């Protein structure tokens, strides 16, 4: 494993851009790293034809290893924690792909039931948003080897599915954003633990997506778009009580994506908002916070559209971000 941000990281986080050989006019979807940090997996919509693809990049040479077509737009991408496969999803099914070759392995779920977002769990399992016709929305856990459902935790009444969630490092709890509200659930017992003091999202419609991340220590949950707050909010995971708001600007829509470095020291958030449909995007870019000092360190301005997916490599040495019109990769290091 290469040196990165693992362990205590003094100083200030710096991001150095890495140049990739990308197709002109491509649209980018989900991004994820393999557990050894050696491969970056990217979902993509190629233009001028609407070709949906999944690509793997070697993080040592930054050369493309393989590209394969996918049945649907790979909006969500996740790599198995303990298996040689990748999971992708949009709004119909979950597909599994071989990490080494990109070969399609199997499909999970009936068409029209499994939705993004998704994540992987230990034991070669997949946790995904689940909305079967005529039944309450919920989360569901699937066995990636057999392609069969194992459990249906965290059920929700009504038609709204879980639009975003985050699993703690122990894979025992899941924080969800559904029907406009945050909640924490026990994945083993399917018991609701708390609702973060009734925190709700900034968006006026309940199906909106809110970025949620667990701190690597598992003791905190960070949410990027809480109503009336001026930045990401850090909650105590055990009690649901607010610890601190990491002040930003008065962006009315909150963060579009969040990522915490594996060392637990740095929080990176992506921002951007519009005054109305088809208006110019404002306040576009990244912000970096020191979670230990609870201070904002840096602002990185960007153009295009807001970042939708933001993820550190497991060794902390690389940060990747994707949006509909760009893919950015940075080398992450700390200055003393």
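Any read-out appearing in this document is the output of simple, stated calculations on the displayed coordinates, not a laboratory observation. None of these values were measured; they are calculated from a predicted model. Virtual Cβ from ideal backbone geometry, glycine too; neighbours counted across all protein chains shown.
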Set the Förster radius R0 to 41 Å, insert the Cβ-Cβ distance between residue 217 and residue 91 as r into 1/(1 + (r/R0)^6), and round the FRET efficiency to 0.05. 0.75
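Please find the FRET efficiency linking residue 104 to residue 24, where r is the Cβ-Cβ separation and R0 is fixed at 25 Å, and quote it to the nearest 0.05. Each step should come with its number before you reach the end.
Values: r = 27 Å, r/R0 = 1.08.
The calculated FRET efficiency here is 0.40.
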Answer with a single label: of [x] 82, 47, 34; [y] 61, 48, 40; [z] 48, 46, 43, which was calculated as Cα extents along the principal axes in Å from the structure in view? [z]
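What is the order of 302, 210, fewest Cβ neighbours within 10 Å to most? Walk me through the numbers before you get to the answer.
Values: 302 18, 210 27.
Sorted ascending by nearby Cβ count, the order is 302, 210.
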Taking r as the C-beta separation of residue 292 and residue 227 and R0 as 25 Å, the FRET efficiency to the nearest 0.05 is 0.40
By the gyration tensor of its Cα atoms, with a ≥ b ≥ c the square roots of the eigenvalues, what is the shape of segment 67-133: rounded for a/c under 1.5, prolate for a/b over b/c, or oblate? oblate
Among 308-314, 287-293, what's the highest-first ranking by average C-beta atoms within 10 angstrom per residue? 308-314, 287-293
